[in-house]
Each structure stands twice: as structure tokens, then as C-alpha cells.
Amino acid sequence: MYDYIIVGSGIAGAAVARKLAEEKNKKILVIEKRSHIGGNCYDKPDRHGILVHEYGPHIFHTEDEGVREFLSRFTEWYDFGHEVVAKVGDRLIPVPFNLNTLHMVYDEKKAARLEEKLVKEYGEGSRVPIMKLRENSDADVREIADFVYKNVFLYYTMKQWGQKPEEISPEVTGRVPVVISRDNRYFKDKYQSMPLHGYTPMFEKMLAHENIEVRTGTDCRRVLEFQDGNIYFEGSGYTGGVVYTGAIDELFGCRFGRLPYRSLDFRFEHLPQDSFQGHSVVNYTVSEDFTRITEFKYLTGQKDAKGTTIVKEYPFAYTGAENEIPYYAILNEENEKLYEKYRKLTEEYPHFYLLGRLAEYKYYNIDAMCRKAMDLAEELA
Ligand code: FAD
Ligand code: UDP
């Protein structure tokens, strides 16, 4: 009846569903355990009419023309060069730390000298991971590295991961390098934007196809069974394909133990004032228990909205409790070994594919996830 059953309606599930349905004329069932589609990109207007991102701020950014073109079929865009500042004492400084930040934290003469050194050492426009900058043997460069490490990375990373920057994968801190330029934008990609009317309408259009059926409010474990190399759908043998974008350990009853994740508690507040912080995102890098505050009207261009809605993010270790969501895989050798044990179990099932941030236990952005989904659809054909 269905050529493919796709578990999860985030960007991974939705993109692969659309491609297979439209380009390969496959009959698709998308199963989603939440009451809505869109995965962590889901957004909706709150009670005050302000469009909010239920699962934290999501900014679309990419260099991938194919991904941009594919998604542009389902949305127009609000171009938005996302800028982040960090609250350090009573100052707000640009993050990633860049030459503008350098001139804010050192006096003119010293900043000019340090700038010259950084440009000479790394080249104008380069992006240097903090852990790399710290290895530099020059005392001036190390002074900058120490400042950035202490004021931008150390406390924020402790909150986010419960570990120091040197204890987590360098890939993670490397996402926010020190930038040798005057560009205050958080990302460097050619396209930086938000879906003009929000992510949810974009997902609705992506999944609106005659070959796609979507069932929300359905945990796949209620309808799919995996036993000795056979897949059963609603009790009957099923020989079509399954693309799974959920957490892999949960699919196998966490039999080898839980894969560790970090989770977040999002606390929303609506305030009767026009503006709270005047910025889309302020990172709290040296104080507070939350990591950052997002003020949605600055993220989505709703500048004329009455009142303002903000969200604070409080990180914690995911325990698997019913109301918790696993957001971030914790990348290290031990966890990857455990992941691999689970992945091996899937080899028994010939038409079973793992796709997505959870299923692959990786740290993907939206665009990279969409690219993988598009490529998988090609491969499956
Ligand atoms: P998800 O979006 O998590 O979708 C997986 C879906 O599967 C979920 O809807 C889930 O309910 C469903 N599911 C799981 N298990 C089952 C089951 N058993 N049965 C049925 N359904 C199931 N990326 C960017 O590019 N820009 C950003 O600014 C950005 N900000 C982020 C901020 C935060 C706080 C987080 C956590 C991530 C951010 N990301 C950002 C990353 C982005 O969220 C991911 O790249 C993207 O959501 C991955 O899509 P996915 O489909 O793999 O996973
Ligand atoms: N980070 C930090 N301070 C900041 C911004 C980022 O220490 O002000 C570190 C932190 O460890 C974080 C990582 O860099 O988890 C990656 O940041 P990014 O903004 O990419 O995280 P995401 O938006 O994916 O949560």
C-alpha cells in the first residue's frame, strides 16, 4: 500500500517524503508522534499574535543552491543577516568575536596592534576556531584567545553541555569561530533568511502532495514492529521502505542503554512593552543559568507587533522522561561506539534507512539535513 513509511516530519522526513512522492511517484506515509509537523523547525503565533519558534530560534542559512531552490518552491523568504551579541558585564559585544569586538574590548592603540597581528597571522576574512587560536604561541594572540575563551565560551559551554570547551568535540565550538573581519553576522553563508510566513506553512506546502499521507499524534512504535529482520506495519508484514528520523536507541527499547543527549527547557514570556532587548538573540556568556534570550519580533521581522515575546533556554541532561526532548547529540568516541551498536541492529532490515539529527546522532543544520534527505531520495530511486 505504501512504498515508503517515513518516521518524523522534520526537515529530514518532510524533504525525503516530497522528493519520493513527486519525483519517483512513490506512495508515502509520514508518521509523526507530535501533534504537528515540522519537527524542531515548527513555529506558530502565540496567544498575543507573535510568531514564535516552539523549539528555539531557527535561522535558515545555506550556501547550497539546490537546497535553497528546493525550499523556495514552498516559501518566499524574509532576508535576515542574523547578528548575536553576548552580555558581558554591562556591555553587549558582537559574537562571533570579530574585529569590531576586538575594538570594543581593547583601547584603540592596542586593538590596532592586535588587529594587525591577527590579519598577518591568519589572513583577512579568515575564521579561526577558539581551540585553535588558543594554541598560538604569540603572547598577544594568546591574550585575545584567553579573553574570548573566558568571556564567550567557558561559562556558556558549561551551561549548554555541562562540560568545558576542551572536553567537548572541537566541531561544536568550531561552529562559532573567531572571525578576522568586521562582519557582525553570526553565519557566513550566502543565503540567510527566514520563511516569510514561518516554517510551518513551508512544511505544510512541502507535505501537500497527492502521494503523501501524514498521520500526526502517532508514535511509530505503536504501528511499526521490527523483529528478526522483518518489519510489520499495523500487525501485517511490510516489505516497503522505512526512513526513520527519530532517536535510534528508542526504536530498539534502549537495550544497550540510552544514547546521551542534551535537552533544553524553553521558558516563554510575553511582555507588554515594545522591546525587551532590541536584538534577536543575546547570549549570556558569563552570567545567568540560561544560555540565551531570543526576542522573536527581531528574528522574524514582526517589528510592529504589539508587546513582545521572548524565550530563555535552560539546558539540562536528557533523561528520557516523557515530556523531555533530545535536542543535541553529545559527540564523543564513547557515545559514537554506542550509536554504532544500535546502527548495526538496523543492518538486518534491508529497506530501512536512518536519516536526521537524531537517527544519525549528528549535529546538522537545517540545510545540511535537507541536502541529505534530497540525496537519499535520489539514491533510493
Ligand atoms: P527533527 O526536526 O527533530 O524532526 C524529527 C521528528 O521525528 C520530530 O518531529 C519527532 O517528533 C519525530 N519523531 C521522533 N521519534 C518518533 C517516533 N518514534 N514516532 C514518530 N515520530 C517521531 N539549524 C539551522 O539550520 N539553523 C538554526 O538556527 C538552528 N537552530 C537550532 C536551535 C535549536 C535549539 C536546536 C535544537 C536545533 C537548531 N537547528 C538549527 C538544527 C535543526 O533543528 C535541525 O537541523 C533539524 O531540525 C533537523 O531535522 P530532523 O528532521 O533531523 O529532526
Ligand atoms: N558557544 C559559546 N558561546 C557563545 C556561542 C556558542 O560557548 O556565545 C559554544 C557553545 O559550546 C555552543 C557551541 O559554541 O554549544 C555552538 O554554538 P551554536 O550557536 O552553533 O549552537 P546552537 O545554535 O546549535 O545551539
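Just so you know, all these numbers are worked out from the coordinates, no wet-lab data involved. Computed from a predicted model, the values in this text were never measured in an experiment. In this analysis, Cβ positions are derived from the backbone assuming ideal geometry, glycine residues included, and neighbour counts consider all displayed protein chains.
Observations on the structure shown:
- Considering 125, 66, the condition of being touching a residue at least 12 places away in the same chain (Cβ under 8 Å), exposed (fewer than 13 other Cβ atoms within 10 Å of the Cβ) and not charged (D, E, K, R) is satisfied by 125 alone.
- Some residue of region 242-254 being buried (at least 16 other Cβ atoms within 10 Å of the Cβ), within 13 Å of ligand 1 (Cβ to nearest atom) and of a type in the set (Asp, Glu): yes
- Within region 268-277, the set of residues being in contact with an Asp or Glu (Cβ under 8 Å, 6 or more places away or on another chain) and assigned to a strand (DSSP E or B) comprises 268, 270.
- Answer from 17, 86 - the residue that is among the hydrophobic types (A, V, I, L, M, F, W, C), within 13 Å of ligand 1 (Cβ to nearest atom) and buried (at least 16 other Cβ atoms within 10 Å of the Cβ): 17
- Flag if residue 222 is surrounded by fewer than 20 Cβ atoms within 10 Å (Cβ to Cβ), at negative phi, free of Cβ contacts under 8 Å to residues at least 12 places away in the same chain and assigned to a loop (DSSP other than H, G, I, E, B): no
- Selection within region 20-53 - among the charged types (D, E, K, R), more than 19 Å from the chain's Cα centre (by Cα) and more than 7 Å from ligand 1 (Cβ to nearest atom): 22, 23, 24, 26, 27, 46, 47
- Conditions (1) of a type outside the set (A, V, I, L, M, F, W, C); (2) farther than 24 Å from residue 25 by Cβ; (3) assigned to a loop (DSSP other than H, G, I, E, B): number failed by residue 250: (3)
- Among the residues of region 34-63, the one identified as surrounded by 18 or more Cβ atoms within 10 Å (Cβ to Cβ) and farther than 30 Å from residue 323 by Cα is 62.
- Pairs, first in contact (Cβ under 8 Å) with a residue 24 or more places away in the chain and farther than 16 Å from residue 346 by Cβ in region 357-368, second within 10 Å of ligand 2 (Cβ to nearest atom) and part of a helix (DSSP H, G or I), C-beta under 7 Å, six or more apart: 363/171; 363/172
- Of the criteria (1) surrounded by fewer than 21 Cβ atoms within 10 Å (Cβ to Cβ); (2) within 16 Å of ligand 2 (Cβ to nearest atom); (3) in contact (Cβ under 8 Å) with a residue 40 or more places away in the chain, which one residue 74 fails: (2)
- Residue match in region 16-27 (condition: farther than 29 Å from residue 324 by Cβ, of a type in the set (A, V, I, L, M), away from ligand 2 (no atom under 16 Å from the Cβ) and out of contact with any Ser or Thr (no Cβ under 7 Å at 6 or more places or on another chain)): yes
- Test: residue in region 106-117 that is within 16 Å of ligand 1 (Cβ to nearest atom), outside any strand (DSSP E or B) and not aliphatic (A, V, I, L, M): no
- Selection from region 326-350 of residues that are surrounded by 15 or more Cβ atoms within 10 Å (Cβ to Cβ) and part of a loop (DSSP other than H, G, I, E, B): 326, 327, 330, 331, 349
- Look at region 176-190: where a residue is closer than 18 Å to residue 123 by Cα and within 12 Å of ligand 2 (Cβ to nearest atom) and a partner is part of a strand (DSSP E or B) and not basic (Lys, Arg), sitting 6+ places away or on another chain with Cβ atoms under 7 Å, you get 176/95; 177/128; 178/128.
- Some residue of region 344-367 being away from ligand 1 (no atom under 13 Å from the Cβ), polar (S, T, N, Q) and out of contact with any helix residue (DSSP H, G or I) (no Cβ under 7 Å at 6 or more places or on another chain): yes
- Of all residues in region 152-188, those that are within 23 Å of residue 117 (Cα to Cα), within 16 Å of ligand 1 (Cβ to nearest atom) and among the aliphatic types (A, V, I, L, M) total 1.
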